[in-house]
Amino acid sequence: MKRSLFATILVLLTTVALAGQPTVLIVYHSETGNTETMAHAVMDGVLSVEGVQAELKSVEDVSTQDLLDAHAIIVGSPVYNANVSPPISAFISSWPFEDQPLKGKIGAAFVTAGGVSSGEEITQMNILQSMLIFGMIVMGGPDWSTPFGASAIRGNDFFPYDEPIHPGFIKKGNGLGQRVAETVVKMNIE
């Protein structure tokens, strides 16, 4: 009985503590699991920053209210012929535009591609350009090697499909999430 009461109180205190923290929403579409793996890497980066919480959702599970409640939105997509995937395109097209409710929120992007120079940077820019149209403040990763966000390459001699995503790409995902979370905390967005 005492353990159950203690556990309930602990859950309530944690919920109250997190309620006042800014939220970084990480939204992704993944068919093979690669973009989902990168989404988790981005989330780990967000969670490495104290004072911010992360919410990770597949594109099918995101509501308009999730977008409105988030302080930052990081979108991840596989590269489809130098474009975002159709589900990510439909998701961005569904964002609320009237009265610009996303204006001032931080936005960032990450992608996974099937080979080197297969459209990853232009796909990141497509996501960031869409965010700019909605009045969002866009950002890339923490250094020159991730200027448009994070990306991972799969499926050529250097990064074969039968191996896990290279740790260097996971590190880029972590760095993107951490930079966005640090910026959200610095801006004290509410």
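Scattering from segment 100-190 was approximated by placing one identical point on each alpha carbon and applying the Debye formula without solvent; log10 I(q)/I(0) at 0.13, 0.15, 0.18, 0.24 1/Å stands at -0.47, -0.60, -0.80, -1.18. The angle between the Cα long axis of helix 34-47 and the longest principal axis of the Cα atoms of the chain comes to about 40 degrees, rounded to the nearest 10. Can you list the lysines whose alpha carbon sits under 26 Å from that of Lys57, skipping same-chain ones fewer than 8 residues off? Answer for Lys57, where 26 Å is the Cα cut-off: Lys103, Lys105, Lys171, Lys172, Lys186, listed by chain and number. Putting +1 on Lys and Arg Cβ atoms and -1 on Asp and Glu Cβ atoms, find which of Leu176, Ile127, Ile165 reaches farthest to the positive end of the dipole of the chain. Farthest towards the positive pole: Leu176. The percentage of C-alpha pairs in the chain whose separation is greater than 21 Å is 48%. Its relative contact order, with pairs defined as Cα atoms under 8 Å and 6+ residues apart, puts the chain at 26 percent. Counting DSSP beta bridges in the chain, what percent are antiparallel, to the nearest 5? Within the chain, antiparallel bridges account for around 5 percent of the total. For Thr64 and Ile133, the FRET efficiency from 1/(1 + (r/R0)^6), where r spans their Cβ atoms and R0 equals 25 Å, is about 0.90.
A full extension of the chain between Thr32 and Lys171 corresponds to an added length of 48.0 nm, given 0.36 nm per residue minus the alpha carbon distance. Each residue, Ser94 and Asp44, gets one label point 7 Å from its Cα in the Cβ direction; the gap between the two is 2.9 nm. Peptides 59-65, 41-47 ranked from most to least packed give 41-47, 59-65, packing being the mean of other C-beta atoms within 10 angstrom over each peptide's residues. Here the chain is treated with +1 on each Lys and Arg Cβ and -1 on each Asp and Glu Cβ, and its dipole about the Cα centre works out to around 460 debye.
Every read-out reported here was derived from the displayed coordinates using simple, explicitly stated rules and does not represent laboratory data. Since the structure is predicted, the reported quantities are computational estimates derived from the model, not experimental observations. Note: ideal-geometry Cβ built from the backbone for every residue, glycine included; neighbour counts use all protein chains shown.
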